[in-house]
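Worksheet: the structure to be examined is printed underneath.
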Amino acid sequence: MIFHIAVPPLPPIPSALPEAFASRADFFKPEEVDRINEIAFALPSRPVTVGPDSKVDPEGNVSHVRHLMPGPDTNWIYQRVLHAVAQLNALHFQFDITGMDEPMYHVTYKGEEKGHYNWHIDANNPGRPRRKLAITFQLSDGDAYEGGDLEINMTGIPVRAPREKGSLITFPATHIHRVAPVTKGTRSAIVTWIVGPPFR
């Protein structure tokens, strides 16, 4: 099965300077976040695998993932995210993007495991469309866990992304970034990627 959901087309809206990330606060209401978590936690989870060989790598990543497939219970999430990403891309990045080529991931980082994801970029495997934008939205209260910051390094100086519940963050997939170790509590988030033709 070929997976592809299109991003709505919007013309570029030039901005002054490139930014490490773009964000939208309160993208989902608290009750919507709770509903997303309810849907996700009813699904089976597995340890996250990384690299071209899709291996578990405790040095690089300790987290658990559940796949949120499109369907009657989740289509509203997909549509809301795709429309927001189209707007944020037009305003901040002006990339040539087409859509998602894989389902959304619900990812959980646990304090008792020192859950983390070390510095990396979000490259796709050879033969797959190029990932252009990485998307994260926060499903946990920022004060419900310690550590666990999403840090993005565009210039050599990492910047911390918002951690408020319901926030959406998007940034170029080529920016090196990490999720710092969670030292207490649990951080949950949705992650996904927007693809497009190769950069020229």
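Among (1) closer than 23 Å to N37 by Cβ; (2) over 16 Å from the mean Cα position of the chain (by Cα), which single condition is I135 missing? I135 satisfies all of (1) closer than 23 Å to N37 by Cβ; (2) over 16 Å from the mean Cα position of the chain (by Cα) except (2). When the residues of the range 16-53 are filtered to those that are more than 18 Å from the chain's Cα centre (by Cα) and small (G, A, S), which remaining residue is nearest to H175 (Cα to Cα)? That would be A16.
When the range 78-95 is filtered for residues that are surrounded by fewer than 21 Cβ atoms within 10 Å (Cβ to Cβ), in contact (Cβ under 8 Å) with a residue 40 or more places away in the chain and more than 17 Å from H175 (Cα to Cα), the ones remaining, listed by number, are Y78, R80, L82, H83, A84, A86, Q87, A90, L91. When residues of the range 45-72 are filtered for being touching a Lys or Arg at 6+ places or on another chain (Cβ under 9 Å), part of a loop (DSSP other than H, G, I, E, B) and surrounded by 14 or more Cβ atoms within 10 Å (Cβ to Cβ), how many remain? Here the count works out to 2.
Counting only strands (runs of 3 or more DSSP E) wholly contained in the range 82-142, the ones carrying 3 or more residues that are touching a Ser or Thr at 6+ places or on another chain (Cβ under 6 Å) occupy 104-110, 130-138.
Could we say that L43 is over 22 Å from R163 (Cα atoms) and touching a Leu at 6+ places or on another chain (Cβ under 8 Å) here? Yes; evaluated as a whole, the condition is true for this residue. Scanning the range 132-152 for residues being of a type outside the set (F, W, Y), under 19 Å from R24 (Cα atoms) and either crowded, with 22+ Cβ neighbours inside 10 Å or touching a residue at least 24 places away in the same chain (Cβ under 8 Å) (or both) gives a total of 13.
Before we move on, is I157 in contact (Cβ under 8 Å) with a residue 40 or more places away in the chain, among the aliphatic types (A, V, I, L, M) and more than 19 Å from S54 (Cα to Cα)? Steps first, please.
Working: in contact (Cβ under 8 Å) with a residue 40 or more places away in the chain: no; among the aliphatic types (A, V, I, L, M): yes; more than 19 Å from S54 (Cα to Cα): yes.
Here the answer is no, as I157 does not meet what is asked.
Here is the figure for the range 158-192: residues that are part of a strand (DSSP E or B) and more than 14 Å from Y117 (Cβ to Cβ) total 13. Within the set D96, D57, the sole residue that is of a type in the set (D, E) and over 29 Å from P181 (Cβ atoms) turns out to be D96.
Is it fair to say A173 is farther than 23 Å from A90 by Cβ and of a type outside the set (S, T, Y)? Taking the combined requirement at face value, the residue does not satisfy it.
Coordinate-derived values only; no laboratory data. Everything numeric in this text was worked out from a predicted model, so none of it was measured. Virtual Cβ from ideal backbone geometry, glycine too; neighbours counted across all protein chains shown.
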